[in-house]
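Where a number appears in this text, it was derived from the coordinates with a stated rule and is not lab data. Here the structure is a predicted model, which is why all the values come from computation and not from measurement. Because the Cβ atoms are built from the backbone with ideal geometry, glycine has one as well, and the counts that use them run over all protein chains shown.
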Amino acid sequence: MKLFNSTIFGILFGIILTKAEVISWFRINNMFHFTEAHMYLIIGSAIITGAISYVIIKKFSVKSIDKQEIVIEKKELNKGTVIGGILFGIGWAITGACPGPIFAQIGAGEYPALITFAGALVGAYLYSISKSKLPD
Amino acid sequence: MDNIFSIWPWYVTGPLIGLFVPLILIAGNKLFGISSSLLHICSIVLGKGKLRGYNSDNHKWKLYFVIGISIGAFISVNFLTTGKVKFLPEFYYSLNGFILLFTGGVLIGFGTRYANGCTSGHSISGISTFQLSGIIATLAFFTGGLLYTYIIYPMFN
């Protein structure tokens with residue numbers, strides 16, 4: 001992907017995430033306490049929109065911008081999906097951020113998110129040096 | 001349009017977020033996901049070739065995308081919002097808060113790489129392309145979140 005386009009898409013994504021407040025620890029906390037539907041409605045309507053788009057792409061064999069056939073990466077289901085998923089879920093509840101919102105919290109001036117970011121880099125590094133020893 | 005400065009409703013933002021699936025598929029022929037950028041930044045911090053088995057050449061766009069996210073958030077709070085919005089509780093502006101955030105960050109980095117995806121890659125891209133792993137991963141994310149909310153957090157407070 002062209003780096004200029006990628007930056008523009010990132011900016012749009014950052015604006016949307018921030019205006020939706022999905023980068024807010026308070027919204028994430030309310031989601032896990034089931035006290036408001038906000039996050040569920042956003043994630044749910046995002047999935048439905050993505051799924052409709054995917055069906056359209058398949059049905060009309062839409063090509064990518066460089067005229068290639070669109071290939072969907074198959075995501076493997078293994079022990080890591082569950083174990084890693086649970087670990088991430090705990091981190092999500094603690095920080096109020098998943099990977100995208102970490103960058104948004106930083107941009108929005110919540111500077112403690114820089115520490116979340118540092119932790120996430122350490123975590124990704126720990127995974128890459130230990131992956132051969134983890135159950136898969 | 002008079003609401004542009006307040007919070008945008010879910011029925012606008014949810015579908016807009018979902019549109020990033022076809023956008024990234026068409027513009028880059030890639031399944032949209034963000035957590036892989038963490039590994040890419042790691043490889044940059046460590047220096048080229050230091051992260052075993054990682055080829056950084058195809059992933060440069062992800063770095064630009066996440067830098068874009070920060071810029072977008074900056075624009076949002078400074079030019080598209082009236083008044084101040086808090087996204088983190090006051091507690092996180094303390095030493096104990098920093099320790100907790102760092103721990104949470106490690107869990108995010110390790111967990112999303114081990115699971116091969118996060119909310120964007122698994123929950124949104126995975127489920128919307130009808131992949132079972134996306135549903136299982138999303139259930140695991142919520143299991144972890146509920147575990148912290150109802151068991152781990154109350155144990156320490």
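Couple of notes before you dig in:
- Helix runs (DSSP H) in chain A reaching 27 Å along axis by Cα, Kyte-Doolittle at least 0.0: A:38-59
- P(r) weight above 26 Å for chain A, C-alpha pairs, percent: 40 percent
- When the alpha-carbon atoms of the protein assembly as shown are used, the pair Rg, Dmax equals 17.8, 56 angstrom.
- For the range B:87-157: span of alpha carbons on each principal axis (Å, largest first): 42, 22, 20
- Three principal axis extents describe the C-alpha atoms of the range B:1-85; from largest down they are 51, 29, 16 Å.
- Contact order relative to length of chain B, as percent, for alpha carbon pairs under 8 angstrom and 6 or more apart: 26 percent
- Pairs beyond 27 Å (Cα-Cα), from A:Lys58/A:Lys133; A:Lys63/B:Lys62; A:Lys133/B:Lys30: A:Lys58/A:Lys133; A:Lys133/B:Lys30
- Legend: mean number of C-beta atoms from other chains within 10 angstrom of residue C-beta atoms, peptide B:92-101, equals 5.
- Peptide A:33-44 shows a mean partner chain C-beta count of 4 within 10 Å per residue C-beta.
- The range A:1-42: equivalent-ellipsoid semi-axes (sqrt of 5 x gyration tensor eigenvalues, Cα, Å): 28, 8, 7
- Dipole orientation for the range A:16-136: of the candidates A:Ile57, A:Ser128, A:Gly109, A:Ile57 has the Cα lying most toward the positive pole (charges on Cβ; Lys, Arg +1; Asp, Glu -1).
- Cα→Cβ-extended label distance, 7 Å offset, between A:Phe26 and A:Lys63, nm: 5.0 nm
- Only aspartates and glutamates eight or more places from A:Lys59 in sequence, or on another chain, were considered; those with a Cα closer than 14 Å are A:Glu69.
- Cα lying deepest toward the dipole's positive end in the range B:1-85, options B:Val77, B:Asn29, B:Asn58, charges on Cβ: B:Asn58
- Dipole magnitude for the range B:1-85: about 460 debye, using +1 per Lys or Arg Cβ and -1 per Asp or Glu Cβ, origin at the Cα centre.
- The aspartates and glutamates within cross-link reach of A:Lys131, meaning a Cα-to-Cα straight distance under 20 Å and a gap of 8 or more places when in the same chain, are A:Glu76.
- Secondary-structure-derived ellipticity at 222 nm for chain B, considering helices only, amounts to -18000 deg cm²/dmol, per-run term -39500 (n - 2.57) for DSSP H runs with n ≥ 4.
- Value at 222 nm in deg cm²/dmol, rounded to 500, when DSSP H runs of n ≥ 4 in chain A each add -39,500 (n - 2.57): -22000 deg cm²/dmol
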